[in-house]
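Okay, structure first, notes after.
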Amino acid sequence: MTSNITETQTVHVMLLIAGGHQCELSMPADAPLLQDMLEAIALRSHPERSQPNKLFQIPMEDGGPTLYFPSRSIVAIATDPPVSLPDFSPEPEPIQPLQTATTPIIIESKSLKIQNFLSEEENQRILNYVIDNRGAFEDSQIGIDDPNYRRSKIFYYFHEFGDLIKERIKQILPQITEHLAIPTFEVSEIEAQITAHNDGHYYKAHNDNGDGVTATRTISYIYYFHREPKPFIGGELRMYDTLKLSDTLYSMAESYTDIPPTNNSIVFFASGCCHEVRPVNCPSKNFLDSRFTLNGWIRRTE
Ligand SMILES: O=C(O)CCC(=O)C(=O)O
Ligand SMILES: [Fe+2]
């Protein structure tokens with residue numbers, strides 16, 4: 001493809017995303033988002049180059065919902081007028097984005113970690129409970145069209161502990177929202193699930209409210225528990241900072257903070273923040289030695 005267009009000219013973009021989704025939007029030729037998407041496509045033909053793992057966020061026009069998708073799920077991009085794809089051959093050069101009018105701002109991720117969230121007795125009881133119910137865990141699913149996005153086990157039915165954690169969270173919700181600088185909201189529901197990450201398990205970068213079904217998730221929480229002494233290494237919760245590209249465009253920054261999954265601790269953060277679970281190394285491979293979580297989402301009313 002060739003391009004004679006100027007950097008500020010508006011480009012009409014048709015985006016095809018895995019799963020048969022498509023969307024159309026307009027943006028300046030030098031928009032960092034356009035450069036990033038073209039780069040993701042161009043890198044496909046260069047498997048020897050490692051691909052940055054980006055989560056794109058595109059607010060739809062007329063105040064509609066925001067579209068979130070990982071860079072690897074872009075199938076094709078059509079632009080009118082045509083624009084150049086970044087050239088990676090024969091000798092790869094670092095990508096030089098076109099000059100932009102505004103400098104991207106990095107917004108540091110915010111989280112709240114509370115140690116010893118439950119009593120020792122409650123912490124032990126929940127561990128015994130998952131051990132007794134290990135047969136009820138199933139392989140986790142994910143709405144992204146990539147089977148390698150997540151490896152872990154999930155258990156959905158545990159009313160006693162679900163109620164316990166929800167009650168405790170409700171008691172401290174004002175402190176949580178204040179710490180995370182999230183305006184107070186009316187809670188419609190608190191979801192809960194139990195997960196187990198064993199040897200080689202992980203969950204790649206994502207946010208927790210990126211589609212219509214999850215859009216009202218406002219605060220994510222993760223309560224960690226495991227056998228002592230800690231039978232695995234890794235499994236940190238990696239919280240990515242956010243790159244503010246313009247008033248309406250946000251992307252995942254490369255900078256991050258790692259939070260270790262400490263037994264009997266809980267972590268809260270805004271559900272829109274990008275995060276991932278770093279790979280777990282559990283030498284025994286014994287399910288009982290997994291990195292366990294009781295985690296979920298506090299939803300606001302529509
Ligand atoms: O296990 C964790 O630390 C995070 C889990 C997570 O991100 C999720 O379930 O959405
Ligand atoms: Fe998550």
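The values are calculated or read from the model by the stated rules, or taken from the named source; none is laboratory data. Every value quoted in this text rests on a predicted model; they were computed, and no experiment measured them. Every residue, glycine as well, gets a Cβ built from its backbone with ideal geometry; the counts of neighbours run over all protein chains shown. Surface areas here come from the heavy atoms of the whole protein model, side chains and all, with no ligands, DNA or RNA. Shrake-Rupley method; radii C 1.70, N 1.55, O 1.52, S 1.80 Å.
Within 10 Å, count the other beta carbons around each residue, average over each peptide in 244-256, 173-185, and list them highest first. Walk me through the numbers on the way to the answer.
Details: 244-256: 17.0, 173-185: 13.4.
In decreasing order of mean packing, 244-256, 173-185 become 244-256, 173-185.
Calculate, in whole percent, how much of the Cα-Cα pair population of region 105-300 lies beyond 20 Å.
Values: 10560 of 19110 pairs.
The proportion of pairs with Cα distances above 20 Å equals 55 percent.
What size of dipole, in debye to the nearest 20, comes out for region 163-300 about its Cα centre when the only charges are +1 on Lys and Arg C-beta atoms and -1 on Asp and Glu C-beta atoms?
240 debye
Could you provide, to the nearest whole Å², the per residue accessible area of region 112-193 with probe 1.4 Å? Let's see the in-between values first.
Values: 5000 Å² over 82 residues.
With all protein chains present, region 112-193 gives 61 Å² per residue.
Sticking with the crude label model, points 7 Å out along Cα→Cβ, report the distance from residue 9 to residue 26 in nm, one decimal please.
1.5 nm
By how many nm would the segment from residue 131 to residue 281 lengthen if fully extended, with 0.36 nm per residue of separation less the alpha-carbon distance?
Working: separation 150, 0.36 × 150 = 54.00 nm, distance 1.94 nm.
Between residue 131 and residue 281, full extension yields 52.1 nm more.
How high is the FRET efficiency between residue 84 and residue 107 when r is their beta carbon distance and R₀ equals 25 Å, given to the nearest 0.05? Mind dumping the intermediate values first?
Numbers: r = 31 Å, r/R0 = 1.23.
According to the calculation, E is roughly 0.25.
Order 110-122, 261-273 from most to least packed using the mean count of other Cβ atoms within 10 Å.
On the way: 110-122: 14.5, 261-273: 20.9.
My ranking of the peptides, most packed first, is 261-273, 110-122.
Can you give me the long-range amide H partners of residue 256? Hydrogens built in the peptide plane at 1.01 Å from N, cutoff under 5 Å, separation of 5 or more residues or another chain.
Here 241 satisfy the definition.
Pop out the ³J(HN,Hα) list for region 106-118 in order, Karplus 6.51 cos²θ - 1.76 cosθ + 1.60 with θ = phi - 60°, rounded to Hz; leave Gly and Pro as x.
8, 9, 5, 5, 10, 8, 10, 10, 10, 7, 6, 5, 9
Sort 191-199, 133-141 by packing, meaning the average of other beta carbons within 10 Å per residue, with the highest value first.
Values: 191-199: 21.2, 133-141: 12.1.
Top of the packing list down: 191-199, 133-141.
Sum up the charges of everything whose Cβ sits under 13 Å from the Cβ of residue 284, counting Lys and Arg as +1 and Asp and Glu as -1, but leave residue 284 out.
Working: positive: 227, 230, 285, 291; negative: 199, 289.
That works out to +2.
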